[in-house]
Each structure stands twice: as structure tokens, then as C-alpha cells.
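K.L.:
My questions will all concern the structure given below.
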Amino acid sequence: QSTWGPLWIQIMHAALGTIASAVVPFVAAVATMVARRRRQPRVTGLMIFPVKGCRGTPVQEVRLNEFGFEGDREWMIVRASGARAGSMATPREIPRMAMIEPLVGHDADGRRTITLRFEKEPPLTVLADGERDARVMDVCVWSDAMRATVLDATQEWLTKVLGHELVLVHLHPSHQRPLARQGAYIAWPKTLEPPIEPSIQAGAFSDGYPILLGNEASLAELNARMRARSQTPVSMLRFRPNLIVAGLAPFEEDLLECVAVGDSVLYLVKPCSRCTVPTVDPLTGTKSEVREPTATLEEFRAAPGTKDVFFGQNAVHARVGTKVAVGDNLVVVRRRVANYQGPEAEITLRPYL
């Protein structure tokens, strides 16, 4: 009896030690996997903006065509007449247009329709691709000139809602907008020209590139700085990204050159220079009187020697027909080349490491 007690305890200790030696590494491995999963960059949101400058539509999956996300910026509001006829209208000049909600659907005959909604105003539904005899007009996005199909039935509604003589136009079948592959702002050296399909364009009616990526950690860093300035944080909607990701460090997107998402390959080609659109609250259609979040961005995201501030990364997809879905991992294929000397080169991750 006197020897059995200590022997029993020794046996139990040995058994527990054996179990612990097996369980502890297993638990540690599981914890490591969970931690890695949490850190693995992934897609947390996808947004399509059917009408340039208007409210976006969240989607769970999207197909990429030659212009970027299918259905993105396929329509645009332009000046209907006068010296500026055909020039794009944006929330920069007309903040209330950010509140217009476009909905794309189909009528009883299977034809595509687009419905415009604005607060308590009766919604307007028209054929999305225009009537068979619809007129065509010259329009422009910045300095890019192109042809567009005019949806004349929208002019009265838009003019009433926004207080300017405006009309909705749709991407013309002949639309061609070559992707800029050289110049001061292009981020890849000619010797490292990425293999992008020739059919891929600079976008439908987007400002200059097919896709815009937003990083949740970058937004969190911005909002922390805004709180420190006693300013109200903003949502990602202010920056109108197509692809929202989590799992990167703040502004780590600046250092990425090529990523794989779903079965798509994206080249991050230029930090996005922000105009005054982020100062417009898309829920109220009002512009910030204190220029936020631009004022805060000017403190740490301004290019030296310029008034430009940057948030988000413009991206170009390599192939047409691929898909991206919420939950997809974002795999870093290649980081920015060390000798990149573009005008935004001094904006890096260094302050956050």
C-alpha cells in the first residue's frame, strides 16, 4: 500500500506527460493555423458602381470583362447641352448625385433595364442599352473622348432631381479606351511589361483604370488619425473601391506589384490620387465643410511637392473571363520592384513598420 501510492502517482504523471507532449504541439499547430488564417489577406467586399458617381451595389461574386468588373461604370451622367455638353458630371460638382441608386434588371421581354432612385422622388426605369433609334453623342472622361448612347428619357428626371441639365449615357458598342502603358504615372518599367491581354481597356467610364483596391487596414489607420484630430471617422464608401481586402498592413498595398485573387491576376499599377469626392458623404449627399478626410490625408499621404493625396491602388487585370468572390484569398505574387521611381515612390510602408 505504501509503495503503491507513489507508484500510482508516478504512472499518472508519466501518462499525463505523454498526453501533454502530443496535445500541446497539436494545439499550438491549430493556433498557428488560425493565426495565419486571420493574417491571410482576403477579399472582404466587392462593389460595382453601375453609374459613375452614383451609389454602388455590393456583390458576392463578379466576373471580369475587358473593362474591369462586369457592370461597373457602364453608365455615366453628362451635361446635356451647352458648351460642356457631353462632359461628365460627378459628385465633385454635384454632391447630391452620390445619393442616386441605380438598379439594373430586365423587363418582361428580357431586355435590360436600369432604374434610378432618389429619396422620395418617383423612380425612373428606362432601357439600359438605349432605344433602338437612340442617338449617339461625343462624351469625355477627363481628356479621354469617346462615343456613347444617349438615354434621352432620363434627362427630365435627372434635371429635376439634381438641378442641372443632365442626361444618362451608356457605353457604346464601339467603345475603345486604350490602357495607358507608359508615362509618368505608370508603375511598371517597360522592361517588366506585365502580360496583359490586348483586349483589356482602361475601363468603361472609370477615371483611368479598370479596378480600384481598398485596404481595410489603411482605412483604420486613417480613421485613427482622424479621431486624434477630433474628426468623425469615415467609411470605405467614401473612396468608392471595387475590391476591398483585409489582412494587409496599413498601406501595404503601395508595395504590391502583382496579386492573385480567385482565378484572377491583378497588377497594382498606380496609387490612386484622390480628388474632393471622398469629402462627400454618399448617404447624405453633402460635402464636408472641413475637407475631411482629405485634410487628414494631407498630413501623411501627400506626394512631396504636390497637392495630391493618395488612398487605394489602381489595378489592371491580366485576363478577361476570370472571377473574384468575397472570401477569396489574396496571394502576393510579386512586390514592387526596388528601382521604381514613379512620382509616388516616396509613399511607402516605412512609417508603419
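K.L.:
Report yes if Val320 is touching a Ser or Thr at 6+ places or on another chain (Cβ under 8 Å) and either closer than 16 Å to Asn223 by Cα or touching a residue at least 24 places away in the same chain (Cβ under 8 Å) (or both), otherwise no.
P.N.:
yes
K.L.:
Still on this structure: State all residues of the range 113-142 that are surrounded by fewer than 14 Cβ atoms within 10 Å (Cβ to Cβ) and closer than 28 Å to Leu237 by Cα; if no residue qualifies, say none.
P.N.:
The answer is Glu119, Lys120, Glu121, Pro122, Pro123, Trp142.
K.L.:
Can you pull out the residues in the range 300-326 that are open to solvent by 40 Å² or more (accessible area, probe 1.4 Å), modelled with pLDDT of 95 or more and within 30 Å of Thr279 (Cα to Cα)?
P.N.:
Hit for the range 300-326 is Val326, nothing else.
K.L.:
Just one of (1) exposed (fewer than 14 other Cβ atoms within 10 Å of the Cβ); (2) under 27 Å from Val59 (Cβ atoms); (3) among the hydrophobic types (A, V, I, L, M, F, W, C) trips up Ala145, so point out which.
P.N.:
(2)
K.L.:
Name the residue, out of Ala249, Ala260, that is in contact with a helix residue (DSSP H, G or I) (Cβ under 8 Å, 6 or more places away or on another chain) and touching a residue at least 40 places away in the same chain (Cβ under 8 Å).
P.N.:
Step by step, each of Ala249, Ala260 is checked, and only Ala249 is in contact with a helix residue (DSSP H, G or I) (Cβ under 8 Å, 6 or more places away or on another chain) and touching a residue at least 40 places away in the same chain (Cβ under 8 Å).
K.L.:
Being of a type outside the set (A, V, I, L, M, F, W, C) and within 28 Å of Ile200 (Cβ to Cβ) is the requirement here; does Gly305 meet it?
P.N.:
No; evaluated as a whole, the condition is false for this residue.
K.L.:
In the range 93-104, how many are open to solvent by less than 20 Å² (accessible area, probe 1.4 Å) and either free of Cβ contacts under 8 Å to residues at least 60 places away in the same chain or among the charged types (D, E, K, R) (or both)?
P.N.:
Within the range 93-104, residues that are open to solvent by less than 20 Å² (accessible area, probe 1.4 Å) and either free of Cβ contacts under 8 Å to residues at least 60 places away in the same chain or among the charged types (D, E, K, R) (or both) number 1.
K.L.:
Can you report the number of residues in the range 58-86 which are outside any loop (DSSP other than H, G, I, E, B) and crowded, with 16+ Cβ neighbours inside 10 Å?
P.N.:
Result for the range 58-86: 11.
K.L.:
Would you pick out the residues in the range 46-92 that are touching a strand residue (DSSP E or B) at 6+ places or on another chain (Cβ under 6 Å) and of a type in the set (Phe, Trp, Tyr)?
P.N.:
Phe67, Phe69, Trp75
K.L.:
Another question, if that's okay. Could you tell me whether the range 113-130 includes any residue that is within 23 Å of Ser174 (Cβ to Cβ), in contact with a Pro (Cβ under 9 Å, 6 or more places away or on another chain) and touching a residue at least 60 places away in the same chain (Cβ under 8 Å)?
P.N.:
Scanning the range 113-130, I find at least one residue that is within 23 Å of Ser174 (Cβ to Cβ), in contact with a Pro (Cβ under 9 Å, 6 or more places away or on another chain) and touching a residue at least 60 places away in the same chain (Cβ under 8 Å), so the answer is yes.
K.L.:
Among the residues of the range 220-235, count how many are touching a residue at least 60 places away in the same chain (Cβ under 8 Å) and open to solvent by 20 Å² or more (accessible area, probe 1.4 Å).
P.N.:
Here the count works out to 5.
K.L.:
State whether one or more residues within the range 198-210 are modelled with pLDDT under 95 and either among the basic types (Lys, Arg) or surrounded by fewer than 17 Cβ atoms within 10 Å (Cβ to Cβ) (or both).
P.N.:
Checking the range 198-210: at least one residue is modelled with pLDDT under 95 and either among the basic types (Lys, Arg) or surrounded by fewer than 17 Cβ atoms within 10 Å (Cβ to Cβ) (or both).
K.L.:
Now, a different point. Can Gly110 be described as of a type outside the set (Asp, Glu) and either open to solvent by less than 20 Å² (accessible area, probe 1.4 Å) or modelled with pLDDT of 90 or more (or both)?
P.N.:
Spelling it out, Gly110 is indeed of a type outside the set (Asp, Glu) and either open to solvent by less than 20 Å² (accessible area, probe 1.4 Å) or modelled with pLDDT of 90 or more (or both).
The values are calculated or read from the model by the stated rules, or taken from the named source; none is laboratory data. Treat the numbers as computed from the prediction; the structure is a model and nothing was measured. Cβ coordinates were reconstructed from backbone atoms using ideal geometry, including for glycine residues, and neighbour counts include every protein chain displayed. Calculation scope for accessible area: heavy atoms of the full protein, side chains included, ligands and nucleic acids excluded. Shrake-Rupley method; radii C 1.70, N 1.55, O 1.52, S 1.80 Å.
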